[in-house]
Every structure is written in C-alpha cells, then in structure tokens.
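What follows is a short report on a single structure.
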Amino acid sequence: MWKKCFLALISITLVGLGYRTAYSQLINRGLKSYINYGWTDFQNYPENQPVFPKFDYLGNFLLKGFDVFTWEEYRTLSPNEGSVIVKGRMFQDWLRRLVIANDTFGGVGVRFAIGGGMRTTFTPLTLDLTRLNGVRFDLASDRHQFTAIYSRVSDPLKLDYQQSFSRDWVVRKNEGVFLLGGHWESKFLRDHFTIGATFVNMYRFDSLLKLGDNSLRGVAIRNAIPDTIVVRFTDDSPEDGIGGAAVYNICAVAQVQAGDKVISMRIEPEKILKSPGVITHRNYLEASGQYHVGILEVPVSITYYFPMPKNTVQVEFKALVANDYRISIRQSHHFTIIEGSKEKTVTVSEVPLRGEWPYYPFFVIRRAKGNVRDMSNKGFVRFSYGMLTGLTTMGLNMELNLIGFHLKGEYNRNFCYFQYPVKKGDRSKWTDAAYFLTVTKDINPFMVGAEIFSIGSKYNTYHPNGPFWYFNDERQIPWQYRGVTGYNNRYPLVDDNDDNDIWPDNWVDEWNIYTPDSFIRQDAAGIFPGLDKNKDQFPDYNVNNNNIPDWDEPFLQYFVDPVEFQYGADYNNNFIVDAFEDDLLPQYPYYKDEKGQHFFVTFRPLSYLKFTTGSVNIHQIAGGGINKMTYGTINIDYRVRGRGKIWFEHKVKRVRDNIPNDWWEFVLQEGGGAVGRANYIHTRFRDRLVMKNSLVHRGYLEVKYHPIRDLNIINSVRYEFNSMLASEFSDGTSQPEDKIDFIGLVCKADYKFQYKNFTIMPRIKNYWYRWSRKSLNKPYVNKNVLIPILRADYRVTRNTFIKLGMQGFPLLKNRVWNWVNKDYSYKEQDFIILVNNITYYQGYKVAWEIGWQHTYRDYEGPGLGDDNFSKFFIRVHSGISAIY
C-alpha cells in the first residue's frame, strides 16, 4: 500500500514541476487570479499609514510598521549637522507623544520610554521636571530602583498638542545643550532605611568637534570671540537704597597667544558708563538703590567696557570693592545672521531679546557676603571671564523610619563650568552646596521635630544661570508654543510649579488664562497653588474648566471662597499662605541663599486638642537678611457625631524678618462688562517687609452644624493682626509703630427638600472681608457679598431632568458692596432653566443640555459696562468617567 502512495506522490510532484516549467516558457507578464473574500479577511490599503518592513542595523527583520522616533548623534560629520531627532507623524497622531517598552526578568521590572511630557523627579534639590521631552529608562525590584534620562533640551522637537501632522518632523543641529542624569535608591533594614544617589549633568555640545573635544564640562559657543567684555557693579540689596557697591578701581589681565608663546597684557577700560543715581566720591564710585525706567525699577549701576586683544585665551579681572556689591559680566561679539535671503553681520547687542528680561542680560559672577554698609569688607576681588558651558549636580539622599524616629534629608554639590569662548580658551568653575535634614520623633503625648537646611547663593539648577547669551541663532523657547524662538533661553533642572499641575508656571499654557485657545490645550490655566485639595489635577477653584474662578461665577460661588479666606502657615511672613504662594523661583523645599534651623515641640493632651511651640532662625548667606521667629499655636479639631464639627487654630508669633518674598496673583480687572469679568491679569506684588519687627496674631475658626437632616449651616472666620513695633534698625532704617489687620467672615446655609420627583434647594451665603492699616485711618479693602440662590430639579425620567436656578430675586438681589470704591458695587440677577440628559452610547457616557440663561448686572458707577444679556445654549459632553 505504501508503495502505491509513494508512486502517486512522485507523479503529482513531476506534474507540478512540468506545469511550472511549461508556465515559465510563456511570454506574458503574469496572469492575475480571481479574488474572493467569502472566507478570506479583506486587507485594506495602508494609504494613511506608511507600513513597511523594518530591520535593525544588522539587517535582521523586526516587523512591518512605520518609523516613530529616531535620535542619532554624529561627531566630526562637518559640515553636516551631527545631532538629528526625527519624530514620525504616528508619534503625534497615533501614539500621542508617548512610547513605552517594558520587560521583566528575575523579579526586576524594566521600562524604556520616549515622550514629550513625562513627569520626572529625582530629589527636590537635583531634578524635578514637570514635562521632560526626551527618553528615560527605569528599573525596579523589591528593594532597588534606578532611573536614567537623556534629552536634547535646547532643541527637543516640540509638537503642538492639539494638531495632527501629515508628515514626519526633523530637527538637525550641530550644537546645543544635552541633559543626562541618573538616580538610584535602595532599601535596607527591612525597608526602614532608604539611601539614594543622584547624578545630573547639563552640558553644551558641538558636533563638529571630535568626540574627545566634547566633554561633560561642555564647550563654548562657536564664533563668539569677544570684542568687548562688560563688567557691571550694582547694589546686591537695591530695595534698601543704601550701602550699595563701592568701586575703587578695576583692571584686567589678558593671556594672549603669540605664536608658541602666551604673553600677558594689562587692559584698562575704554569706557565707564554710570547710570542715574551713581554717586561720585573722592576716590570711589557708589551704586546704591534703584532708579525708574518707565514702570520698571532698575538697579543703579556702574559699567566698565574692556576691549579684548585678538588671540586672547584667558582674561582675569581684579577689582577693589566694598560694601554690598554685586558683580555681573557679559560680552559683545560679531556674528552672521540671515535676514531675508542675505547675510548680515551684527553684534550681540543689536539682536532683539525676547522673554522676561527687559534689558540686555548679565551673568552674576560675584556677590558680597552679607549686607555690609560700613566698608569693613573692603578688598580685592578676582574673577576670570568665561561662558557657562555646563553644570553638574551630584549628591546623596536618605530616609529612615525606626523606633519612632523619622529622618529625611539630602546633600548635593553643584559645579558650574566656564570657558573663555575660543577653542583653546581657559576653563574655570565654581561650586556650591545644598542640603537639608528633617527629624521628627513621637513620644506620646509629645512630638518633637527639627530641620536644618542650607542652599548656597551659587547653587544653580538653571543652565545658563540667569539670562546669558548662549547661541548665535534663535532656538525654541522651552515655555512657548512650537516655533516661538529666542536667544536667551534657560533650561531648568528644577521647574517652578507652585500649583503642582501638569504645566510649569512659566509656560504659556499655564499663565495665559485670558486667551480662549489656551483652554483647548490644557486642563486649567492660571496659577493658584494649594487649591487642589482632592489631588485630581484640576484646581478646586475652577471645577468647570472655564476662564472664570468659581468664586466669581453664579451658582458655583456658593461652594468656593475667594483666596483671601484660605488659611495656613506663613513662615516667610508676607501675609500670603505659603502653600498658596506663586513665586518665580525653582520649586526647592527651601529658598536659595538661605541657611537656617527650625525646632518645635507639640503636646496633645486630648485627641482633639494640641499645643505647639517652636522657633525659626534663618539668615541669607550672601544677601544679609534674617528671618527670626518664635511662635505658639493652639489647635482644636472637635467633632460631634451626626451634628457637625469645630475646627479652630490660633497662632501668635514674634517676628523679625527683613527678607523680601515677592509673589504673583491673578487679579480680576473689574467693571468691564461680560467680557471684562473674565479679565484676570497675572500681577506681581512686592513684599513690603511689614514684619521687620512685629507681634502677630492670626487664626481661623470654622463651625459646621447639621441640626436636622439635609440642613447645613457653615460659618467661618479668618483673622490676622500685625502689630508693628517702633524700631531703629542697624542698617540705618526705622519703623514707626503701626498695625495692619485683616478679618474675613463667611456665613452660609443650604437645605434640600424632596417630594416625589421634585427637589428644591434654597441656599444663601454672605461673606465679608476687610484690610485696614492704623496709619491710614480707614480700611483700604472693605467688601461684602450677599448671594441668595434657589435651585429646583424635576426628574422627568431616570436620565432626564428639568433644572432651574435663580441667583438674586426681585426683592433680594445678589449684592456686592465695595465700601472703598463704591463705583464697583453692583446688583445682579442670574436665571437659568435647562433640560439635562445623561445616557450611555457605545461605551461612552454622554451628557447633553439645552436651555436659556439671562444675566443682569448693574454697577453703581457710571460707564463701568453693565451686563444685561440672554443666551440660548445647547451643549454636549462625552467621557468615560463620571460627569458632574
């Protein structure tokens, strides 16, 4: 039998070979066969997705797909650009700017990610980036963790988040700034002890140089040979107006390459520029305080211009100075730009600057230690000139939880590298340290705690440190939209992100709240630190995600109080709660240029009662300011089951604080009609140092009461009384006796009545607050707001409701009394009726509403843009989570 099968198989094979041989003799170019999809899946053409076979560099087949991301680094590929980043259009459109590869082996998890906005934190003092645009590698086991990052921060190929692209994007550069770093942590002593190490480096590269000529110290900018070096002297504490820089003389010594030899040349300044306010003494010049240029306050300055000989490779300055000086440097050089289709040779000072710096930027190279005013520190100061080429931060961190002790801290050393901007230019560096250690110990019913900290004045996580000329061509500004470029960019290692959201505070998406298209790009514009208590990444003050804070919006303002009523610690003594403070500083746990200690003891005799006393002693390392404070606090948190709770805190503190801590707020510009109500301006407020010598009482009381079911009564009061003591200070200034008071009161009640399908919800709220100063004899802020509301819902079906809302009634209007400027007092009525439906459709939750709204607002002042409008609306929302 098997012989017959074998013969049949040979016959079929021969017939097939004969067919193929015969077919190969035909002269046609191929005959297509009939296609039927009855049992075969239809295969669509990849018209919109460029799917091709992909191979590794060794020629091995990987997959059929498309290019997502490519990063290649060449060296000495002159004249071509050697740093190439390519992001395929599928990286933006399909993968949404994030690609992750992961694997596990032996209990170790590994992930490799490429993204355009990855939250990356090593430690508070070394690396804390809200949106890393680059690559990162993470490895984790039960007790060990490691992270490495890499990014071309100067030109990362930034994409617009709401746009789709029809092509790949490529950015090629032959010089720029790289960021690389790594962090490791391990746990010991049964996980009670954690220790970690960090290395972060940011350096400037030049791909046209050999690999050995590039290093982690960075290289100077190409074609930036200085024509002139400029040295500026200013007051290091210009706000006090006295004891500024005293400059006796300054000279420079340049090392010049002359063939095989290097010779020294003494250089005198060719020009001295004195700003308004400079005082000429018999043998020195003085620069103290500030002067005004328009609305800007600019430090008084003395500026020296030194011409540089050709072939200079090093220059060192020697200045005889005294008092509270600050020394800054910059250079001027010629380079070529393209204007239209022609080349143009310009100097640095001719290029328009962009960003937040109103005048040509200088780099701070030396500062006096302390705020000296009596010439006691007179002496020579030496420094070399160089461009910042790189910075490195390395350090250790630890955390211990053992036998009731909780310790946490870190120590870091920071190095800044400089080079005179020629290929063989002299190199120099400076270094500084930052550290902190916190300790707490529970000894029932006591808890004791302490913290020590120091962040040096030269500790630097910006590259460059402050504004500084860094490229001869414009580069992408990190905090602007794609395509917006500038020359004096800064690349932070620690972002300023006071409200801890998905945008650094200096990004356009964060502060541009009055531009409608900004709300397409992010969850919530505006910087309101501390106002996300539920940690959902959406600020509590703007739950409906529009450009009006909820405390100024009808109906929602019942639930939200203005920022004046927020309470918390104020250790920098500027009347702003620390957790809600918006500054323009890196998000360090302590302020730069400060060193100090804090000790406290807490006693809890009852579960709802505690007493705390403590002391703070802080001084500036270079600035010379102090912040000394002793305080005592009583806190009550008492709850009555089923009836409500009482929360009370009173704090008294004795303060001596002359360190300024300015802050920023979004301030409503009132009286502009319907559009004007949404006009919030990011406004700077100066710390006027009103607690240089003060006794302060501050506190907060909140009572929540539920006498019957569905009836809620909430009352709260916040107060702060600053008694300023008459004083004569060692710097020659004085403070008269005075008093600054704040008091604010909120009273509100709501009730919910249900009958069958009807729900009626009356609400009423009144809040009042006042700022006053004894020396002014009257309040400078005095405002009262009355908010009566009636809400009613009728359930038509399980998913459909008719809803009605009235805020303000004919006989009881919504009222705002501004007793300081009565023109801004007004009456208001708001009425809304709508039909609302929530349903599910193909896995999505869909909510739609159709309705009508009428708003009437009448200001007492003439010409302030009263509102009287109606609108009909239809809105549809869709999502996969609950809709509120």
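A few comments on the model shown:
- Of the residues screened, Gly624 is not one that is among the small types (Gly, Ala, Ser) and modelled with pLDDT of 95 or more.
- Residues in segment 363-415 that are surrounded by 18 or more Cβ atoms within 10 Å (Cβ to Cβ), under 29 Å from the mean Cα position of the chain (by Cα) and among the charged types (D, E, K, R): Arg366, Arg367, Glu410.
- Scanning segment 704-734 for residues that are among the acidic types (Asp, Glu), part of a loop (DSSP other than H, G, I, E, B) and more than 30 Å from Tyr755 (Cα to Cα) yields one hit, Asp731.
- Against the criterion of being assigned by TED's automatic domain parsing to the domain that holds Leu402, among the charged types (D, E, K, R) and within 27 Å of Phe317 (Cα to Cα), Arg282 does not qualify.
- If you filter segment 662-680 down to residues that are under 18 Å from the mean Cα position of the chain (by Cα) and not in a loop (DSSP other than H, G, I, E, B), you find that the one that is modelled with the lowest pLDDT is Phe666.
Results for (1) touching a residue at least 60 places away in the same chain (Cβ under 8 Å); (2) crowded, with 18+ Cβ neighbours inside 10 Å, shown as yes or no for each residue.
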| residue | (1), (2) |
| --- | --- |
| Tyr558 | yes, yes |
| Tyr567 | yes, yes |
| Asn574 | yes, yes |
| Glu581 | yes, yes |
| Tyr588 | yes, yes |
| Lys592 | yes, yes |
| Val601 | yes, no |
| Tyr608 | no, no |
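- Of the candidates Asp191, Asp240, Asp227, the single residue that is of a type in the set (Asp, Glu) and either within 29 Å of the chain's Cα centre (by Cα) or modelled with pLDDT under 85 (or both) is Asp240.
Residue-by-condition table, conditions (1) touching a Ser or Thr at 6+ places or on another chain (Cβ under 7 Å); (2) of a type in the set (Phe, Trp, Tyr); (3) crowded, with 17+ Cβ neighbours inside 10 Å:
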{"site": "Arg190", "(1), (2), (3)": "no, no, no"}
{"site": "Lys210", "(1), (2), (3)": "yes, no, no"}
{"site": "Asn214", "(1), (2), (3)": "no, no, yes"}
{"site": "Ala224", "(1), (2), (3)": "no, no, yes"}
{"site": "Val230", "(1), (2), (3)": "yes, no, yes"}
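- Within segment 420-448, the set of residues being farther than 25 Å from Thr126 by Cα and buried (at least 16 other Cβ atoms within 10 Å of the Cβ) comprises Tyr420, Pro421, Val422, Gly425, Asp426, Met447.
- Of the residues making up segment 426-436, at least one is at pLDDT 95 or above and within 30 Å of Arg604 (Cβ to Cβ).
- Residues that are within 20 Å of Val313 (Cα to Cα) and small (Gly, Ala, Ser) within segment 213-243 comprise Ser215, Gly218, Ala220, Ala224, listed in sequence order.
- Of all residues in segment 803-819, those satisfying the criterion of being surrounded by 14 or more Cβ atoms within 10 Å (Cβ to Cβ) and among the hydrophobic types (A, V, I, L, M, F, W, C) are Leu804, Met806, Val816, Trp817, Trp819.
- Test: residue in segment 600-615 that is closer than 28 Å to Asn371 by Cα and either in contact with a strand residue (DSSP E or B) (Cβ under 6 Å, 6 or more places away or on another chain) or not in a helix (DSSP H, G or I) (or both): yes
- Selected residue [part of a strand (DSSP E or B), under 30 Å from Asn658 (Cβ atoms) and either under 31 Å from the mean Cα position of the chain (by Cα) or at pLDDT 95 or above (or both)] from Leu695, Leu701, Leu689: Leu695
- Flag if Arg282 is of a type outside the set (Phe, Trp, Tyr), surrounded by fewer than 18 Cβ atoms within 10 Å (Cβ to Cβ) and in a loop (DSSP other than H, G, I, E, B): yes
- Selection count where residues are of a type in the set (A, V, I, L, M, F, W, C), over 18 Å from Ser186 (Cα atoms), assigned to a strand (DSSP E or B) and modelled with pLDDT of 90 or more, scope segment 116-128: 1
- Residues of segment 855-884 satisfying the condition of being among the hydrophobic types (A, V, I, L, M, F, W, C) and either assigned to a strand (DSSP E or B) or loosely packed, with under 13 Cβ neighbours inside 10 Å (or both): Phe869, Phe872, Phe873, Ile874, Val876, Ile880, Ala882, Ile883
- Among the residues of segment 206-258, the ones that are acidic (Asp, Glu) and more than 30 Å from Lys369 (Cα to Cα) come to 3 in all.
- Subset of segment 763-778 [surrounded by 16 or more Cβ atoms within 10 Å (Cβ to Cβ) and not polar (S, T, N, Q)]: Arg763, Ile764, Lys765, Tyr767, Trp768, Tyr769, Arg770, Trp771, Arg773
- Looking across segment 688-738, just one residue is within 30 Å of Pro762 (Cα to Cα) and touching a helix residue (DSSP H, G or I) at 6+ places or on another chain (Cβ under 6 Å), and that is Arg718.
- Criterion (more than 21 Å from Leu180 (Cα to Cα), of a type in the set (Val, Ile, Thr) and either modelled with pLDDT of 80 or more or not in a loop (DSSP other than H, G, I, E, B) (or both)) met by exactly one of Thr104, Thr147: Thr104
- Among residues of segment 839-854 being assigned to a strand (DSSP E or B) and within 37 Å of the chain's Cα centre (by Cα), the one that is surrounded by the fewest Cβ atoms within 10 Å (Cβ to Cβ) is Tyr844.
- The number of residues in segment 732-762 being surrounded by fewer than 15 Cβ atoms within 10 Å (Cβ to Cβ) and among the acidic types (Asp, Glu) comes to 1.
The values are calculated or read from the model by the stated rules, or taken from the named source; none is laboratory data. None of the values given here were measured: they were computed from a predicted structure. So basically every Cβ, Gly included, is an ideal-geometry build from the backbone, and we count neighbours across all protein chains shown.
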